[in-house]
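S.K.: Please find one structure pasted underneath; my questions will follow.
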Amino acid sequence: MFKWIISMIFIFIFSVEINTNQYIASAKPALALSNVELDRLKLVADFKIFTPSSVDQIYRLEIKEPYPFIPGQSVSEVRLHFFDESGKTYLFGIEEHKAFEYKINRVITTIDVRKQTSTTRTVVEDFKFSERGEKINMNGFEGRYEPWVNHVPGGYLRWVHNDTFIEIDSGELTREEMIALAKSMK
């Protein structure tokens, strides 16, 4: 009997730990602002985080980056993933960080086919906004849209909103849906 009680306590503690460590919340993006983890993230980011505010569909939100999210620790980059209501289909992602004075790590791999060797090095450089793609006006901010190479719906939509770089990627949403989503971000 004693072992059974101890086992039940262990299972209860283990299940509570799993549930408290999940960063997936069922929410409309309009309600994602009330997501506790997202609210905490907004408080410790060194830039303003924008989220979609007017979307009709229910999504599951996953805070992909920073991982692990440690409340109270400064955050310099955020990546949010939005899935369909079931949580199985990835619909779009949003990446955000400071647009200015932000350093990125670029990995460069050089392959020598003759010697059958490769070397990899990391270069730290200032972030630069890419001006590739079609110009899009989003609430007075100039953005750039690049479709996927294989002509499926979606692509990349990026812009700088005040001092925050924002990039949306999707293989499910159309160009028009991505632009509407971007215009709703607050």
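S.K.: Amide H neighbours of ILE136 under 5 Å, at least 5 residues apart or on other chains, H built in the peptide plane: list them.
M.R.: GLY143, ARG144, TYR145
S.K.: So, one more: Please list, ordered by chain and number, the residues whose modelled amide H lies under 5 Å from the amide H of MET185; skip anything fewer than 5 residues away on the same chain.
M.R.: SER53
S.K.: Could you tell me the accessible area of THR120 in Å² (1.4 Å probe, neighbours in place), rounded to the nearest ten?
M.R.: 90 Å²
S.K.: Long-range amide H contacts for LEU91: which residues qualify at under 5 Å (H placed 1.01 Å from N, peptide plane, sequence gap of 5 or more or a different chain)?
M.R.: PHE82, PHE83, ASP84
S.K.: Using a basic spin-label model with each label point 7 Å from the Cα along Cα→Cβ, how many nm lie between GLN116 and THR89?
M.R.: 4.6 nm
S.K.: Still on this structure, please answer the following. Whole-Hz ³J(HN,Hα) for each residue in region 173-182, computed from phi via Karplus 6.51 cos²θ - 1.76 cosθ + 1.60 with θ = phi - 60°, x for glycine and proline: what do you get?
M.R.: 7, 6, 3, 5, 5, 5, 5, 4, 4, 4
S.K.: Treat every Asp and Glu Cβ in region 74-186 as -1 and every Lys and Arg Cβ as +1, leave all other atoms uncharged, and give the resulting dipole magnitude about the Cα centre to the nearest 20 debye.
M.R.: 460 debye
S.K.: Continuing with this model, one more query. Which ³J(HN,Hα) values in Hz, rounded to whole numbers, follow from the phi angles of region 94-101 under the Karplus curve 6.51 cos²θ - 1.76 cosθ + 1.60, where θ = phi - 60° and Gly and Pro get x?
M.R.: Karplus values, whole Hz, x for Gly and Pro: 10, 10, 9, 6, 4, 7, 10, 6.
S.K.: Would you mind computing, in nm to one decimal, how far apart the modelled labels at SER130 and VAL149 are, each placed 7 Å from Cα along Cα→Cβ?
M.R.: Each label point is offset 7 Å from its Cα along the Cβ direction, giving 1.1 nm.
S.K.: Consider all pairwise Cα distances in region 94-186 and report the whole-number % of them above 21 Å.
M.R.: In whole percent, the long-distance tail amounts to 44.
S.K.: From the phi angles alone, apply the Karplus equation (6.51, -1.76, 1.60; θ = phi - 60°) to region 79-86 and give each ³J(HN,Hα) in whole Hz, x where the residue is Gly or Pro.
M.R.: Whole-Hz 3J(HN,Hα) from phi for region 79-86: 10, 10, 10, 10, 10, 5, 4, 6.
The values are calculated or read from the model by the stated rules, or taken from the named source; none is laboratory data. From a predicted model like this one, the values you see are computed outputs, not experimental measurements. Note that each Cβ is placed from the backbone with ideal geometry, even for glycine, and that neighbours are counted across all protein chains shown. When the accessible area is computed, the model is the full protein with side chains, heavy atoms only, and any ligands, DNA or RNA have been set aside. Shrake-Rupley method; radii C 1.70, N 1.55, O 1.52, S 1.80 Å.
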